[in-house]
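Trainee: Dumping the structure here so I can ask a few things about it.
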Amino acid sequence: MPAPLMQIESSPALPREAEVVVIGGGVVGAFTAYYLARRGIGVALVEKGRVGAEQSSRNWGWCRQQNRDARELPMATKSLDLWERVAQETGEDAGFRRCGLLYLSQDEGELAGWANWRDFARTVGVETHVLSAAEATERGKATGRAWKGGVFSPTDGTADPSKAVPVVARGIMAAGGTVHQHCAARGLELSAGRVSGVVTEVGTIRTKTVVMAGGAWTSSFCHQLGIRFPQASVRSSILAVAPGATGLPDALHTAQVSLTKRADGGYTLAISGRARVDPTPQQIRFSREFVPMFARRWRSLAPGGLEGWRQGHETLAKWPLDGVTPMERNRILDPAPDMGQIRLTYRRACELLPAFARVAISDAWAGYIDSTPDGVPVIGEVEGVPGFILAAGFSGHGFGIGPGAGHVVADIVSGREPIVDPRPYRPERLKTAAWGKVAEF
Ligand SMILES: Cc1cc2nc3c(=O)[nH]c(=O)nc-3n(C[C@H](O)[C@H](O)[C@H](O)COP(=O)(O)OP(=O)(O)OC[C@H]3O[C@@H](n4cnc5c(N)ncnc54)[C@H](O)[C@@H]3O)c2cc1C
């Protein structure tokens, strides 16, 4: 079942050439094309389904610095400023609000981890408030229980996953770029070893620069070019309830359940980190690289089924450029939600906040969260393929940092000083440090 998503019209015709082609209309590809178009660079964004329809509309909408790994924190901070500007720049509301994020806990170890993070965050000028038991209980009064402590990050916020990417995509077109939905990129054309074009299902676009922001499809696409990109995805299930529950925080994380207020007054509910691992040919191929990641997260993960194999995004098959590809057979990666997980999430939400018992579940869906072995995205040109830039593997954090990631890619492409140091995201790190430090949160 798809998550709620605003639909937009595509540009009328595919260009024969473009300075830059961006593959993938999720939050990362959309912001990349947006910042390029705003610099007057001729950019075409191609999306096999509808913009935003995969991970970028299926998430909670959290845009957070709180508990970020040090490698991503500068990008998270810049992204919040960029989110804030979208409404003014486009004249449309992407639903971004600095509502602050509230974390509550009964666990001493968890509280100590948050306090440590606060000490680190201070050194880079990020504000967060560690809450005493009394403060946490007051902020969490809707739960009607006493808390040992918590943390509140006042400068963080949420954006609306049901419309953020479509709003940005309209911004691309308003700035002179083009957006093509129902337009899968089947592969690249290379001349003398460098990028010379993108073959799509409706024609070829001549270009010297391609950004691959294909989310969970990126590794199988790279495989066609002999590029090894270790990537794995897990299936996370989530639900929305109708409006009617009142007096609750806008965004709350607890170990039992997390909630986020939606634009219609309803809430999105989920259990943080919980997901199913559906084995696929690609997962088997990269299993060694993902041992540290899965070892760290095993408590939250459960074995899945053949859902991932059926979806085809993690195939190891090679496909010709003149026939129908897996991306055209599966326009929108829309896996079945784990209904046991959905029922458990709703039950826990009702136990924590009885106001939810008065409102019905309105939607339930799942999304494949694509990850790298160290939980940090890959952003940069691929060694040996000049003109081919990867921006994928956002490891469950990509919605909030989408604007910053897109800005960095646009900076790299247009030869400007990147807004943050892009070195932590270099693709080559995965060749030498596949067993590197797994992101903390
Ligand atoms: C349940 C859930 C909760 C989450 N919660 C949060 C959160 O609160 N905060 C946060 O920051 N992040 C969260 N995330 C993670 C976040 O949603 C992702 O990291 C982010 O959306 C990834 O964006 P993307 O653009 O890389 O990929 P996607 O949004 O998946 O977009 C990739 C796009 O590329 C297209 N594509 C792929 N291959 C091709 C091709 N060959 N040709 C044309 N198009 C192609 C696909 O159709 C797709 O639309 C969550 C994710 C899930 C599933």
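The values are calculated or read from the model by the stated rules, or taken from the named source; none is laboratory data. These numbers come from a predicted model, not from an experiment. Cβ sites come from the backbone with ideal geometry, for glycine too, and all protein chains shown count toward neighbours. Ligands, DNA and RNA are stripped out before the accessible areas are found, and what is left, the full protein with its side chains, is counted by its heavy atoms. Shrake-Rupley method; radii C 1.70, N 1.55, O 1.52, S 1.80 Å.
Trainee: Along Cα→Cβ, 7 Å out, is where each label goes; now give me the distance between the ones at R145 and R288 in nm to one decimal.
Mentor: With each label placed 7 Å out from Cα toward Cβ, I get 4.5 nm.
Trainee: Could you tally the net charge around H397, taking each other residue with its Cβ under 10 Å from the Cβ of H397, Lys/Arg +1 and Asp/Glu -1?
Mentor: Neighbour charge sum, excluding H397 itself: 0.
Trainee: Work out from phi, with θ = phi - 60° and the Karplus expression 6.51 cos²θ - 1.76 cosθ + 1.60, the ³J(HN,Hα) of each residue of the range 328-335, listed in order in whole Hz, and give x for Gly and Pro.
Mentor: Those phi angles translate into 7, 6, 10, 5, 9, 6, 10, x Hz.
Trainee: At 1.4 Å probe size, with the rest of the protein present, what percent of the exposed accessible area of the range 377-427 is carbon and sulfur atoms?
Mentor: Carbon and sulfur together cover 47 percent of it.
Trainee: Please list the non-local residues whose amide H lies under 5 Å from the amide H of L131, H modeled 1.01 Å from N, same-chain partners needing a gap of 5 or more.
Mentor: G150, V151, F152
Trainee: Further question: When ranked by the protection proxy of mean other Cβ atoms within 10 Å per residue, highest first, what sequence do the peptides 179-189, 7-17, 280-290 form?
Mentor: 179-189, 280-290, 7-17
Trainee: For an R0 of 45 angstrom, estimate the FRET efficiency from the Cβ-Cβ distance between T246 and E84 and round to the nearest 0.05.
Mentor: 0.95
Trainee: Then there's this: Taking θ as phi - 60°, what are the ³J(HN,Hα) couplings along the range 202-217 by the Karplus curve (6.51, -1.76, 1.60), each to the nearest whole Hz, with x for Gly and Pro?
Mentor: 10, x, 9, 10, 6, 6, 9, 9, 10, 10, 9, 10, x, x, 5, 9
Trainee: For the pairs K163/K437; K78/K163; K78/K208, flag any whose C-alpha to C-alpha distance is greater than 23 Å.
Mentor: Pairs exceeding 23 Å: K163/K437; K78/K208.
Trainee: Going 7 Å from the Cα of K208 in the Cα-to-Cβ direction, what parts of the range 362-391 have a backbone nitrogen less than 11 Å from that spot?
Mentor: 387
Trainee: Would any residue of the range 193-212 have its amide N under 19 Å from a label point 7 Å out along Cα→Cβ of D322? List them or say none.
Mentor: 197-206
Trainee: Can you compute the modelled spin-label distance between R228 and R39, with each label point 7 Å from Cα toward Cβ, in nm?
Mentor: Taking the two extended label points, one gets 3.2 nm.
Trainee: Under a GNM of the chain (C-alpha, springs under 10 Å), which listed residue has the highest mean-square fluctuation: P74, P386, P303?
Mentor: It is P303.
Trainee: A further question follows. How large is the helix-only mean residue ellipticity at 222 nm for the chain, computed as the sum of -39500 (n - 2.57) over DSSP H runs with n ≥ 4, divided by its residue count, in deg cm²/dmol to the nearest 500?
Mentor: Working: 14 runs with 126 residues, N = 441.
The per-residue figure over the chain is -8000 deg cm²/dmol.
Trainee: Also, quick follow-up: Return one whole number: the accessible area per residue of the chain in Å², for a 1.4 Å probe. If you can, show how the numbers build up before the last one.
Mentor: Details: 17120 Å² over 441 residues.
Dividing the accessible area of the chain by its residue count gives 39 Å².
Trainee: Could you check the spin-label model distance between A112 and S196? Points 7 Å from the Cα along Cα→Cβ, value in nm.
Mentor: The answer from the label model is 6.1 nm.
Trainee: Could you compute the FRET efficiency for R329 and R98, with r as their C-beta to C-beta distance and R0 at 41 Å, rounded to 0.05?
Mentor: Values: r = 41 Å, r/R0 = 1.00.
My answer for the efficiency is 0.50.
Trainee: Still on this structure: Using each residue's phi in the range 189-200, evaluate 6.51 cos²θ - 1.76 cosθ + 1.60 at θ = phi - 60° and report the 3J(HN,Hα) Karplus result to the nearest Hz, with x for Gly and Pro.
Mentor: Here the 3J(HN,Hα) series is 9, 10, 10, 6, x, 10, 4, 10, x, 10, 8, 10 Hz.
Trainee: Quick check: at a probe of 1.4 Å, how many percent of the accessible area of the range 232-337 sits on carbon and sulfur atoms?
Mentor: Using a 1.4 Å probe with all protein chains present, the range 232-337 comes out at 57 percent carbon and sulfur.
Trainee: Determine the sum of side-chain charges near E9: Lys and Arg each +1, Asp and Glu each -1, restricted to other residues whose C-beta is under 12 angstrom from that of E9.
Mentor: So the environment of E9 carries a net charge of +2.
Trainee: Assuming 0.36 nm per residue, please report the length gained on full extension of the stretch T432 to S300 beyond their Cα-Cα distance.
Mentor: 44.7 nm
Trainee: Using a 1.4 Å probe and counting only protein heavy atoms, arrange S56, S191 so the residue with the most accessible area comes first.
Mentor: S191, S56
Trainee: Right, another one. Send over the per residue convex hull volume for the chain, Cα only, as a whole number of Å³. Show your work: numbers first, answer last.
Mentor: On the way: hull volume 55.9 nm³, N = 441.
Convex hull volume per residue, Cα atoms: 127 Å³.
Trainee: Another one. How much net charge surrounds W217 when only the other residues with a Cβ under 13 Å from the Cβ of W217 are counted, with Lys and Arg +1 and Asp and Glu -1?
Mentor: Net charge in that neighbourhood comes out at -1.
Trainee: FRET efficiency for A133 and E351, Cβ-Cβ distance as r, R0 = 22 Å, nearest 0.05?
Mentor: Details: r = 21 Å, r/R0 = 0.94.
After rounding to 0.05, the efficiency reads 0.60.
Trainee: Going by a ≥ b ≥ c, the root eigenvalues of the Cα gyration tensor, does the range 1-75 fall in the rounded group (a/c under 1.5), the prolate group (a/b larger than b/c) or the oblate group?
Mentor: Oblate, since a/c reaches 1.5 and b/c is not below a/b.
Trainee: Moving on. Accessible area of V43, 1.4 Å probe, to the nearest 10 Å²?
Mentor: Surface open to solvent at V43 totals about 10 Å².
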